[in-house]
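See below for the structure under consideration.
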Amino acid sequence: MTSHNPPGSWLAQSPKPGRIAAYLGLAVLGAVVGIAGSLVQSAWLPGGLLLALLATAGLFYGSLRATGTQLGVMAPAVGWLMAIVLLSIGRPEGDGLFSAGITPLVFMLGGMAEAVICATMKRPVQPGGGPSRRGS
């Protein structure tokens, strides 16, 4: 006998240590992909930008498939966004990782759009699960 959990019921449950560790790991992985993408995106134009955006999309979609939750997408997205924001802030001496131009903007806005797209995608069907809505 399987019980049907109403939407949002996971908020009332106590968090499991394994799930917390997975989300923290995904956040760290998001930061790593953000740092790598920041370094590559302007290196081999336009190939570096496409490579950085593909890696970002792969991370977000892969985390959706691995966890099956929107939080699974948002954890690496937060790590990714924190990394690129910190790298885009220039130092008082004027040093900065991002160059002037459209490429860093496309990388930042494209990555944020990919995160939103993956977070709003239909969740993968669980094996043995029925329809996601009652009465469907």
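The single residue among L87, L53, L26 that is part of a helix (DSSP H, G or I), more than 16 Å from the chain's Cα centre (by Cα) and surrounded by 15 or more Cβ atoms within 10 Å (Cβ to Cβ) turns out to be L87. Residue count for segment 52-65, restricted to those that are farther than 12 Å from G34 by Cα and in contact (Cβ under 8 Å) with a residue 12 or more places away in the chain: 4.
Within segment 1-23, how many residues are modelled with pLDDT of 90 or more and surrounded by fewer than 13 Cβ atoms within 10 Å (Cβ to Cβ)? Counting residues in segment 1-23 that are modelled with pLDDT of 90 or more and surrounded by fewer than 13 Cβ atoms within 10 Å (Cβ to Cβ) gives 1.
Listed by first and then second residue, the pairs with beta-carbon distance under 9 Å, at least 6 apart or on different chains, first residue in segment 67-91 and over 18 Å from A113 (Cβ atoms) and without any contact (Cβ under 8 Å) to a residue 60 or more places away in the chain, second outside any helix (DSSP H, G or I) and of a type in the set (S, T, N, Q), are G68/Q126.
Determine, yes or no, whether M112 is surrounded by fewer than 17 Cβ atoms within 10 Å (Cβ to Cβ) and either small (G, A, S) or under 19 Å from V28 (Cα atoms) (or both). Please lay out each step first, then the result.
Numbers: surrounded by fewer than 17 Cβ atoms within 10 Å (Cβ to Cβ): yes; either small (G, A, S) or under 19 Å from V28 (Cα atoms) (or both): yes.
Yes: the conditions hold for M112.
In the set S99, S132, only one residue is under 14 Å from Q41 (Cβ atoms) and at pLDDT below 85; that residue is S99.
The set of residues from segment 29-50 being small (G, A, S), crowded, with 18+ Cβ neighbours inside 10 Å and at pLDDT below 95 comprises G34, G37, S38.
The values are calculated or read from the model by the stated rules, or taken from the named source; none is laboratory data. Keep in mind that this is a model prediction, so the values were computed, not measured. Heads up, the Cβs are rebuilt from the backbone with ideal geometry, glycines too, and the neighbour counts pull from every protein chain shown.
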